[in-house]
Structure formats: C-alpha cells, structure tokens
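Here, each number is a calculation from the coordinates, and none is a lab measurement. This is a predicted model, so every value here is computed, not measured. Using ideal geometry, Cβ is built from the backbone for each residue, glycine included, and neighbour counts are taken over all protein chains shown.
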Amino acid sequence: MNFSYYPGCTLKTKAKELDMYARKSAEALGVTMEELENWQCCGAVYPMAEDEIATKLSAVRALAAAKEKKQDLLTLCSACHHVLKRVNDDMKNNEYIRTRANNYLKLDEAYEGETNVVHYLEMLRDTVGFDNLKKAVVNPLKGRKIGAFYGCLLLRPSGVMAFDNAENPTIIEDFIKAIGATPVVFPCRNECCGGYIAMDDKAAAQKQVERIMDSAVEHGAEELITACPLCMYNLDANATCHKLPVRYFTELLAEALGVK
Amino acid sequence: MQVNEKKGEFKPTIVAFCCNWCSYAGADLAGTSRLSYPANVKIIRVPCSCRVNPMFILRAFQRGADGVILCGCHPGDCHYSTGNYYARRRMTMLFSMLDYLGIDRKRTRVEWVSAAEGTKFAAVMNDFAQTITELGENVKLGDLRCKE
Amino acid sequence: MQRIGVFVCWCGSNIAATVDVAAVAEAMKNEPGVVYTTDYQYMCSEGGQSRIKQAIKDYNLTGIVVCSCSPRMHEATFRKTAVAAGLNPYMVEIANIREHCSWIHKDKEEATEKAVILARTAVAKLMLNAPLTSGTSPVIKRALVIGGGIAGIQTALDIADAGYEVDIVEKRPTIGGRMAQLDKTFPTLDCAACILTPKMVDAASNEKITLYTYSEVESVKGFVGNFSAKIRKKARFVDATKCTGCAVCTEKCPSRKAKNEFNMGLNNRGAIYIPFAQAIPNVATIDPEYCIHAKTGKCGICQKNCSAGAIDFDQKDEIIEREYGAIVMATGFQPIKLDNFEEFGYAQYPDVVTSLEFERLMNAAGPTKGTLLRPSDLSHPKTLVFVQCVGSRCSADAKDGKPYCSKICCMYTAKHAMLVREKYPDTDVHVFYIDVRTPGKNFDEFQRRAVEQYGVDYIKGMVGKVTKKGDKLMVQGSDLLNNEQITIAADMVILATAIEPDPSAKQIASLLTASIDTNNWMTEAHAKLRPVESPTAGVFLSGVCQGPKDVPETVAQASAAASKVIGLLSKDHMVTNPCVAQSNELLCNGCTTCEKVCPYGAIEYKDKPIVGPGVPRGTIRRVAEVNPAICQGCGACTVACPSGAMDLKGFTNRQIMAEVDAICK
Amino acid sequence: MHDTNKDMAEQVIRMSGVNPRKCMKCGKCSGTCPAYDEMEYHPHQFVAMVEKGRIEELMASKSLYKCLSCFACVERCPRNVEPAKLVEAVRLLVIRQQGKNYLKAEDLPALLDEKIPQQALVSAMRKYSK
C-alpha cells in the first residue's frame, strides 16, 4: 500500500516524534509513505473567506502532486489534514475557487479535487483495519487508561471532514483498543484546546486546557493522546492544576508494534 | 424559432409536455411561488407522461420547435402506477433514433418533477432553455414547408 | 363548424398587471372558429360566469376557452357554467395564463405574447373537441382505514356511525397508537388512557368495525369507489379466539431481550407480550425474532402455562382480500432518530431522554410506575432541563434535521414542566426555547400557567452542548435575554425531538399512488380547501400523516376525513371520467399490445362483428374493447398501439398535435 | 444604515459567503462557543450585527481575535449559518488595511517559548496579520 505523504512543517521541527513513529509503524504495517517532493507549508489554518485564493495554493499544489502520482494523500498533523481536506473540497465543489486557483497555478492538467485526503488514523482504520492492527501488535499496552483527545480540526465541520461522528467519535478509542490499552471516553474530548489563542491570550488557552484536563481526569484517564502538535503544546505547556502525560498517538502505536 | 426583433437575439421555441398529476402541478407551484423561467417555454397538459407519443415530439421539431422536454412523476410515483416507466423506455428509444438521425439529443430531455417541486420545475426549465439557446436554432429537423 | 367564445380573466391584478388582457381578447378574434371574445375582472365570480352563460346563448357558442388560472383550480367551475348554459362540459378548455404566465414573467410584452400563444393553443385544441358523456360505476360501501391510532379510530367510529362498514388495519398488535403512550394531554391534563381507551373499546365493539391488528396492507388495486386490497394478517402464534389476555405467558416467558416498544425501549419485554394492559385486542403476540421456541424448537413455556390452549406455534400469515369504496390514511408519526444531534449526548448518557420517553417515565403504567426516576441510577432528578426544537426547524443544508416546526413540542414541554413541578415541588425545571409557539384554544394560557404558577424557568436560547461531570449533566447554552452563556448542572435532560411520518407511510402512499411531499407527509388535494383529501380520488387523510398535529386537531381532521368518506359511500354510483381510451374497431388488428400495457386491466379482447366500408359483411374479428368504468385515462395504450386504433378521448392524437402546431407556429 | 457600513456589510457577506438572513436567532452558536466569555460580541451577535450593518462596531472590537476557529458554531448551527466565517471576514476587513495587523512579526520573539510549535506561529500570523 503506497501513499503520498504530506508531513507539514511542525513535523519537521517541534513534532519530530509524531512523524518518526508514524513512519516506523507504517513500515511495520506494510504501508509505504512516499514523502511529496517540494511540499510547502499548508498555512496551518484554513482560510475561510471566499476571496482567499493565494493562501490555498500550497495545499492545491500538494493535492495535485499526489494526483499526478495517482496516490491518496496521507496526512498526520490535524491542522494539515484539516486544511488539505477543506481546500480539496473547495476544489471539488466551489467553482469560483477552483477556477481562480487553477488560473494561478497553470498546471498541465487542471486540478479539480480528484485526490483523496486520508488521515493516518483513517488509514489505520480503513486500509490496515483495526483488527489487523491488533494482530500486528507485539507489545500490547495492557492496563493503560488512555483518553483520546480529538480536538476540533479532525472532526469539524463534519460535512467536509467526514472523519467520524463529530459529537461522539470513536476512531481513536478503537485505535486504543487495537493497541491493547483501555480507552477512557471523556466528554470534553472534542473541545478546543485553545489553539493559536495561546499566542495572544495565554489565560484563555489555559482555561480551555483546564476544562479538558478536569474532564479527562474525572473520567479516569491516566494519559492523553493526540494527533495535533498544537493540542500537544497547549495540553502540555498550558495545563495548570491537573497534568496528565500527553503523547502523540503514533508514539504509542510504535511502542505497541515494538518499533519504538 | 422566434427572433426578438428589437434585440435580434435568438429565442428558442420550447414545448414542454407535462403530466397532469405531478409536473403540471409542479409548474403551477412554480407559478404560485413566483419562480420565473423563460416565456418561450410553453406547456401542453397530458394526463400522463406515457400519453406522449414520440411522434408528438418529432412533430414539434418538424413544426419548428427548438427543444422538447417531457416531464412526469418521479419513478415509482406515477398516478397511474407505471406510466412514467413506459415514457422513460419510449424516450430512450427516441434518443437512440435521434442519435441515428444526427439530431443532437440535448434538444430533448426527460425530467421527473413532482407536484411539490416548483423550484425544481423552474430550475429545469431555466437550464433547458439555456441549453437550447446555446445549441441554437433547430435547422435539421425543421420541415421547410412549415416555415414562413 | 365550431363557434368558439374566448373569455380572458384579469384575476384582479394577478393576470391583468402582467398580461394585456384586452390585447389577448383582441388577438383571439382572428383565430379560426372564434366568434366572440371578451375580458372580465373575475371570470370565476358570479358576474363572470353569468357573462359566459349569456355569451353562450347570444352567440350560439359550441365551445368556450377560458384564459385564467390553472385548470386544476377552476376547470370544474367553468365546466359547470357551460352545463348551466346548455353546453357539454367537455367543450371547455382552459388556457393557464396565471400560474404559467403572469405570475412568472415580469415583462408585460413578453407575457402578453405568451398568453396569446397559450390561448391560441387552447382554441386549436377546442376546435377538435367533441362532447363527452360520463359513465357511472358502482360504489362499494365499505371503507378501509390504515392505522389504528386516535386518528384511525375516530375516522372509523364516525364512518360506522353513519352506517357503513369499516376495516381498521393496524401494524402493531394493538390499536391505540401514539396517544396510548402519552401520560396526560394538554391543555386540560386529563389522562390520555382515560379518554382514549373508551374509544378503543367502542371501536372494538362496534359491529360495523372490523379490526385487523398486527396486519399490514400489501397491495391495493382499483380506483375510487372500487378498490381492492390485500391485507396480510401476520401470525401471532396465538389463537386470538382462545386467548383470554390473562398475561400469565408474558410473565413466564424466559426471553427478556426484546426492547419494549411501548415504553420506547426503556425496559424489556418477553418474546410473548401484550403491549399494555388495556390493549385491544387483549391478546398475546409472539415476537418470532426473540422467541426461543421459534429459534431452537425448544422452550414452549408459554404453551405449558396457557390454560386456554391458545398458543399455536404453527400459525401462518393469513392474506385477506377485501373490496373498498374509500381508503383513509392514518399512519401517524414517530420521533426522529437523534444520531446527528449527539451534542446533546442522547446516545452517550442514559439520562438524556426524548420527550416521548419522558411520557413513559411519568406514566403510571410506565417502566417506573409513574414515579419520576432517572434511567441511569433510578434516583429522583432534582434539576431538569428541557430543550425545545431538537431536530425541528433545521435548514435543508444543515444537519439531518427537519425543516418544519413539529408543532406539538412547545405545548407538551410546558405540560411536562408543569407536571414535574406539580408532582415534585422540590425540583428546578428549566426550558430552553427559541420561540414559544402556542396558538390554540387555552394553549397560551396553559404555557403561562407553567411559568407563573409553577415557576418553570423559561430561558430564551439554545443548548450548545451537554457533557457529563460527576453524576451531573452539564448543560451549556445561551441565555439570550441576559446575554450570557450559562451552564446548568442537571440530573436529566429532555429533548423535544422533532417528529416525522411513520416510515410505513411512504410505502403505503406508493401502493395507493397517493402523493407525498419532500418530508414524506401526505399531500392534500388542496392545501387550504381540501385538506383531508389526497389528490388521488378515493384516498383520504386523517391525523398526523398529513403534517404535525396535536390530539384535538387530529380528532377534528379524523372526523372531517370521515365525513368525506361518508359523502362518497352514500352515493350508489360514481360518475366516471369520460376521458378514457377508445379503440377504433375498424383499425384494430387484434395484436393485444394495448392489453399488456394497461395498468388497470381495462382492455379486453372480444370477437366482434365488424361493419364498415370495405369490410365484407359478416366479418368477425378479435378486437380490443375498453371498459370505460375501469379505464383511468392514462393513455399508455394509445402510444403502444401499432395500428393507430387506440385514442384517448379529451386528449386525442389530433388534439395534442394541434396544440403542438399552435405553439410552434 | 450608514453608507460605508452598508458597503462593508455587503463586503463581509460576499467574502464570507454567509447569508445572515438564514439565522433563526436560536443562540445555539453562542451556547456552544468556548471563547464566549472572552468576547464582547458573541457569535449570535456577529450574525445579527452583520445583518443590521453594524460593521464598524465589530471592527473595533477585540472579539475578532478571540475566535478559536474551532468550528463548534459551524458544526452545530441548525440553519447552517456558519458564524465563524463572519468573524473571519470582519477580521480580514481590519487586518487587510495598511498597518492594522493585530500581531506584528516583530512582536513574535517576545511571545515565543521553547515548546511553541510552528503550527501555532503560522496559525497566529495567518489569523492576526496580513
């Protein structure tokens, strides 16, 4: 199984573990991740205004590159996944944006949203299959009580992201079960971590994190996992009273597969 | 074909056959909802889409129509149970025949419009009129004797 | 030669503002066959009609064209006018210059030009019209009511009262429907069972009414006055004539996995069950999906315990075929599924319930025997939050909700809030509302009482998310009037869930060829003037199948539907549509193609003596004959006929061709 | 309505692709917003004020920079109004003006701590400046 892979800038710097463990695990699972050549930063946030074309172009380039290779585009960072998926949706369904973006890019063949954008977790669920993943686990994380923190970007808006039930998701819990640990469902798992507001208003971000941590601790989580470097930062650096260890899900995956 | 003399633009003649129970009512609903579509669409009421003999459609083309559209109830919703299925099969045959004759099949169309779909009726007519306007005058099938 | 009069209606300004009516009348003067034209403000009015009648006499007209609104609106009116002036009603054609012209075009010149063409088309058709005479067909004096809730019961009782036979077909094992599940009814708060069960008994004991419970309509054929239906009476595996309803079997049954539908799945029932104590018929039913005997052939505990010997594991479905003059839809509603509204946590937290579940939790015959206990830990809830408009009033491009207002939720929420406060004065009750919609006699007074007397806290705003903290449900929402975001720590959350038509309605509607709207509600023949009739003749609408309604409205509509049915059944004969197919026996070659396409079986082949020019005397040929009482006039045969013998009266080949020609001229 | 306000309202509607008239004023957006307490004007007010053309007031408000773009209001709105898009459009109206960046590149070093990921920097720059 070969995928085009879009790592994104954070995975090359502050979130190297997220990337490294994903690659090792993929290898163990027989999935080939071919990093796109010359990818550029996706912009980290999806530009919502209709007239924002230029800020979407780097995403379109990545999508078109995957199309050329006739591969699905694999993502790992929640923010990159969000931006690529939504821009792809625009290229498919928004004629205005599609025309303008193609006019700018002057590709050999116009890009019209042909590429499938697949998150690493979706790849585990749909391509590998959680049952097969379970079989591949050599070091089940028995007895560990793990809370899945989804955040916003993977789930919403559900009409476009189509990742899971946005209000009651189960994919990461299913993942946790597959690697042999016990998932702890807590209500605030799809709340916002505070996001980029941490740059401007640390107190506001701390408030968000507290609420999430409270909820996770109360429901019995002993550690949290996430797919998003920004969630990781906020949960880790801006947690005030309760502090649970937070890890990237790929790290636990690698651990379970014995490739850490 | 009618040419608006003031503007000199091409205004196609479009005949719409509408079944009494769904599509004609849908057209009424478009009217009640004040949803406009081009005035060159003229509706002929028939009891059911299956009443429309492909001959009528050819006749319309012969007499100078530029487009003919047949509207009936949605499959499964025919007031007479199965009439629209007959219509669909007959029109499929007609399409192949028109292909064979070298007539652009875009000049004829079958659409299912329910009595509740005033919006759809207007949208379909706007779209069809647009298509026909782009296709231009029906030269090939028009009977020259019928001109003038 | 025809002598045609053309009458152009202004419809006040509806037509006249966009169509130059005088110009249309003037243009028609030059059409062949036209001898008189005029225009008038309201042709359908008394004055307009008398003008038409006068003109028919004065000018000796043989036919009239009325340029006015849709024929679906006033064709019948003008036909009557023509008859009054001595014309055949089928010598009337309508040019629809309102719905198809003045209302959709803005440019007066363009609209007038179109109106002229439409009028000319109608004249061209009328030139070829021939007088038609209606036939008659007998009316079967029996009605079928599909659905045995309060709507179906009321309709059946009224029809039976008028002396006609009625059959009720109910898919569940008992009649009673949704109303039987309710606790109290607004605005008077009398108990639903107290007012419903006597009606159920009346229906069961009325000698004119036959109940087919646990039965479904499988197919319907025929037409108004003359339907025939196949009803599948599903096997109960219990002999209804022997069962005494003692319910011993239901207690002994070891299978306890089936969700109790009557209690909205809040508890389980046996595989053999009687839905509720006052069920009618009071007969047990075995659910084969959960019956251990049905699955394994072992068990039979119910059989051993049945002193009446009523258990019959070999019972088979039974098919009943019956003929009916009229059919009434009374298929009711269900609450929508809440899968797409998980922000309220319905699937995650057992103490988040729908309003119908709450009815059962408050009901003395419910799973908690009428004591309000929350499902998770059976404790008394102290703080209750009601959320209105869950799944109602959603835009079509939003989530999977319904675009309409479910209409009953404001009132039943006020009722629930009031009942809780009355029974448990130590509770705090909050209601999140967007609007409070309480039109109805004594309705607003009722809601005000909930606030003023019972101290229910109404909060203008909507709940954004429900989460769990400890044993509390944290209900986060907006309080718009105080411009605040608030969080209430609640013990229970009750969702006023949108209602939708029962899923059976869609399938039954298609059996009846009756139309439904985009939300699967049954369509009325006229939204305002014929609200209880379906556009399909002989099919009538009772209760919520036509749109959300409360009990009083449902009963009113049920009786209205009954009166329409009685009106139909009181006739011995129906006047049939004269626009039927007719075969020209001289041209018919006996191929039987038409017979195969006819959906009604109206065409028969018969040996007939053929008399005509060029036909040798004494010739007998096998030719098609249309039964005009059965033919519905769809015209499928006319197109299929290879010899051109088949034509449709009122819509002949020549007439339609003439219309085509007139439009393309 | 003030003329510039009216023009700006039209611009906001065009940029955001949001039709504020679809709003039925239920307040669910504000009921669900995690940044509600930080905001002077709340999501439902953004919709109402854009509809009424009160753009200048919104442009002057710090609320513009408090939206987390978490899409909770977008996800849960029963009328699919998408209030977050309005917040973004009004913010763009401000920061696209010369010298009106909310966050300037030279401010960044002071805000950095060791752990801050690129994603946060890029997001903040994209959201707060042009």
For region B:96-108, Karplus-derived ³J(HN,Hα) couplings (6.51, -1.76, 1.60; θ = phi - 60°; whole Hz; x for glycine and proline) come out as 5, 5, 5, 4, 4, 7, x, 9, 4, 5, 5, 6, 10
Between the modelled labels at C:Arg654 and C:Arg449 (7 Å from Cα along Cα→Cβ) the distance in nm is 7.2 nm
Rounded to one decimal in nm, the spacing of the 7 Å Cα→Cβ label points at C:Thr371 and C:Glu46 is 7.0 nm
Scoring only Lys, Arg, Asp and Glu (+1, +1, -1, -1) among other residues with Cβ under 10 Å from the Cβ of C:Cys405 yields +3
note: region A:137-257, Cα-Cα separations exceeding 24 Å make up a percent value of 23 percent
Scoring chain D by relative contact order with C-alpha pairs under 8 Å, at least six apart, yields a percentage of 27 percent
Protection proxy (average C-beta count within 10 Å per residue), highest first, orders C:178-184, A:104-110 as C:178-184, A:104-110
For chain A, the charge dipole (Cβ of Lys, Arg +1; Cβ of Asp, Glu -1; about the Cα centre) points to a positive end, and the Cα of A:Val60, A:Cys228, A:Leu252 closest to that extreme belongs to A:Leu252
Taking Cα pairs closer than 8 Å and at least 6 residues apart, the relative contact order of chain C in percent is 13 percent
Compactness summary of region C:335-500: radius of gyration and Dmax from Cα atoms, Å, are 14.9, 43
Taking 0.36 nm per residue of separation between C:Ile620 and C:Ser395 and subtracting their Cα-Cα distance, the length gained on full extension comes to 74.4 nm
Semi-axes (Å, rounded, descending) of the ellipsoid equivalent to chain A per its C-alpha gyration tensor are 30, 23, 15
Across A:Gly194, A:Gly220, A:Gly143, the residue with the highest GNM fluctuation in chain A (Cα network, 10 Å cutoff) is A:Gly143
Both in Å, the radius of gyration and Dmax of the C-alpha trace of chain C are 31.0, 100
Scoring only Lys, Arg, Asp and Glu (+1, +1, -1, -1) among other residues with Cβ under 10 Å from the Cβ of C:Asp502 yields +2
Cα-Cα pairs in region A:35-166 separated by more than 20 Å, as a whole percent of all pairs, come to 49 percent
Quick note on A:Thr115, C:Thr536, ordering by fewest other C-beta atoms within 10 Å, gives C:Thr536, A:Thr115
For C:Lys465, the residues 5 or more places away or on another chain with a placed amide H closer than 5 Å to its own amide H are C:Gln476
Expressed as a whole-number percentage, the relative contact order of chain B with C-alpha contacts under 8 angstrom and at least six residues apart is 35 percent
If N is the residue count of the protein assembly as shown, its Cα Rg over 2.2 N^0.38 Å rounds to 1.08
Rounded to the nearest 0.05, FRET efficiency between C:Ala22 and B:Glu134 (Cβ-Cβ, R0 45 Å) equals 0.75
Residues whose built amide H sits under 5 Å from the amide H of A:Asn2, excluding neighbours closer than 5 in sequence, are A:Thr32
Note to self: C-alpha centroids of region C:460-500 and region C:647-665 sit apart, in Å, by 63 Å
For chain C, longest principal axis from Cα atoms; helix C:150-161 axis from its Cα atoms; angle between them, nearest 10 degrees, is 60 degrees
Looking only at lysines whose Cα falls under 24 Å of C:Lys608's and that sit 8 or more positions away or on another chain, we get C:Lys596, C:Lys649
Chain C: antiparallel bridges as % of DSSP beta bridges, rounded to 5, reads 50 percent
A correct Stokes-Einstein calculation for region C:33-119, using the alpha-carbon Kirkwood radius, 25 °C and 0.890 mPa s, returns a whole-number D in µm² s⁻¹ of 184 µm²/s
The set of residues whose placed amide H lies less than 5 Å from the amide H of C:Val34, leaving out same-chain residues fewer than 5 positions away, is C:Ile4
Too long for a 24 Å Cα-Cα cut-off, among C:Lys407/C:Lys506; C:Lys472/C:Lys549; A:Lys177/A:Lys260, are C:Lys472/C:Lys549
Here the tail fraction of P(r) beyond 26 Å, over all Cα-Cα pairs of region B:2-146, rounds in percent to 22 percent
Net charge near C:Lys441 (other residues with Cβ under 13 Å of its Cβ; Lys, Arg +1; Asp, Glu -1) is -4
Between the modelled labels at A:Tyr104 and C:Leu378 (7 Å from Cα along Cα→Cβ) the distance in nm is 6.4 nm
Per the 1/(1 + (r/R0)^6) rule, R0 = 51 Å and r from the Cβ atoms of C:Ala347 and D:Arg96, FRET efficiency to 0.05 is 0.70
Whole-Hz Karplus couplings 3J(HN,Hα) for region A:134-139, θ = phi - 60° and coefficients 6.51, -1.76, 1.60, Gly and Pro as x, run 4, 5, 7, 6, 9, 10
Place a point 7 Å from the Cα of C:Thr188 in the direction of its beta carbon; the residues of region C:527-562 whose amide N falls under 11 Å from it are C:552
Sequence order, region C:523-539: Karplus ³J(HN,Hα) from phi using 6.51 cos²θ - 1.76 cosθ + 1.60, θ = phi - 60°, Hz rounded, Gly and Pro as x, gives 8, 8, 5, 8, 4, 10, 9, 9, x, 10, 10, 7, x, 7, 4, x, 10
Rounded to 0.05, the calculated FRET efficiency for the beta carbons of A:Lys243 and D:Arg21 at R₀ = 51 Å is 0.65
Exposure-ranked with fewest Cβ neighbours within 10 Å first, C:Thr497, C:Thr368 stand as C:Thr368, C:Thr497
Computed on Cα atoms, the radius of gyration and Dmax of region C:314-412 in angstrom are 19.0, 56
Here the longest stretch of chain B that holds no trypsin sites (Lys or Arg not before Pro) in a DSSP loop having at most 16 other beta carbon atoms within 10 Å is B:35-139
